[in-house]
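Report on the following structure.
Bear in mind that the values in this text are calculations on the coordinates, not laboratory data. Please read these numbers as outputs of a predicted model, since none were measured by experiment. Cβ placement follows ideal geometry from the backbone for every residue including glycine, while neighbour counts extend to all protein chains displayed.
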Amino acid sequence: MAPDPVSQFASWFADAVEAGLPEPNAMVLATSSAGGLPTARTVLLKGYDQQGFVFYTNYESRKGRDLAENPRACLLFPWHPLRRQVRVEGKVTKLPREDSAAYFHSRPYGSRIGAWASRQSAVVRSRDELDARFRELAERWPEDPPLPDFWGGLRVVPSEVEFWQGQIDRMHDRLRYRHTKAGWTLERLAP
Ligand SMILES: Cc1cc2nc3c(=O)[nH]c(=O)nc-3n(C[C@H](O)[C@H](O)[C@H](O)COP(=O)(O)O)c2cc1C
Ligand SMILES: Cc1ncc(COP(=O)(O)O)c(C=O)c1O
C-alpha cells in the first residue's frame, strides 16, 4: 500500500481504467441534510489530487442544499468486476470560481446549455417544458454560455479512505487510511 490514500487511489483508479470498466470514474455520493436524512446518487469524478476528489453539480440541487447545511460527504467507488471498492469520507468545499469556469467551458455546448436549463432536483411539469427551456436558452446564447452562478465544482477533502479487496471465504482485505495530526495512518479492519 502507498504511504498516502491519494497515491493508492491513483494506482487502483489506473487498474479500473486498464480493466475497461464502464465509467470507472462514476462514484456514489452520499450526503445528509442538517436533520440527518441521508441520500445518495451517482456523480462523475473529474479530478483528484492531494487536496481531494472533485465533481461538478448544481449547487441548488438536493445534494447541493444538503452540502450547504452539512458540508460532509461520503464517496463510494463500486468497482465490482475487480472485487474492489473504495470509500472516501471528508469535508466538502466549493471549488474557486475560476476552476469551475475552466471546467464548465471545457464541456460540450449542449451540456452547458443543459446546466442552465435544469433547475436540478426541482419538479418540472413536463418533458416539453424542459425542452422549451433548453431551446430558449440556446437562442439566448448561440455560443459560449457563461458559467451559471448556481453551478460548479465541489471537493471532498478526505479524512478517511478505505480500500476493500474481495478475498475467498469472505475474508476480505480492508485497509483504511485515517488522517491524524502526524499524517496518514494505515489500519486493517475486519472484513
Ligand atoms: C453515471 C452517472 C453520472 C452522473 N454524474 C453526475 C455529475 O457528475 N453531476 C451531477 O450533478 N449529476 C450527475 N448525475 C446525475 C445524478 O445522479 C443525480 O440524478 C443528480 O445530480 C440530482 O441529484 P440530487 O437531486 O440528489 O441532487 C449522474 C448520473 C449517473 C447515472
Ligand atoms: C446532470 C449532470 N451534470 C454533470 C455531469 C458531469 O459530467 P459532464 O461534465 O461530463 O457532463 C453529469 C454526468 O452524467 C450529469 O448527468
Q: Compute the length gained on full extension between T93 and F150: take 0.36 nm times their separation in residues and subtract their Cα-Cα distance, giving the result in nm to one decimal.
A: 19.0 nm
**Q.** Euclidean distance of C-alpha centroids, region 116-165 and region 1-57, integer Å
**A.** 19 Å
**Q.** Size of charge dipole - region 102-167 - debye, nearest 20, with Cβ of Lys, Arg +1 and Asp, Glu -1, no other charges
**A.** 100 debye
**Q.** Residue among F55, Q85, T39 farthest towards the positive dipole end of region 1-142, charges placed on Cβ
**A.** T39
Q.
Counting only other residues whose beta carbon sits under 12 Å from that of I113, what net charge do I get with K and R as +1, D and E as -1?
A. 0
Q) At R62 and Q165, where each label point lies 7 Å from the Cα along Cα→Cβ, what is the point-to-point distance in nanometres? A) 3.6 nm
Q: Return the tail of the calculated pair distribution for the chain, meaning the percent of Cα-Cα pairs more than 24 Å apart.
A: 47 percent
Q.
Nothing charged except the Cβ atoms of Lys and Arg (+1) and of Asp and Glu (-1): what's the magnitude of the dipole of region 44-153 about its Cα centre? Round to the nearest 20 debye.
A. 540 debye
Q. Once you put a point 7 Å from the Cα of E136 and another 7 Å from the Cα of L44, both along the Cβ direction, what distance in nm separates them?
A. 2.7 nm
**Q.** Ordering of 102-109, 124-131 by packing [mean C-beta count within 10 Å, highest first]
**A.** 102-109, 124-131
(Q) Test of understanding: ordering D4, D144 by Cβ neighbours within 10 Å, fewest first, what list do you get? (A) D144, D4
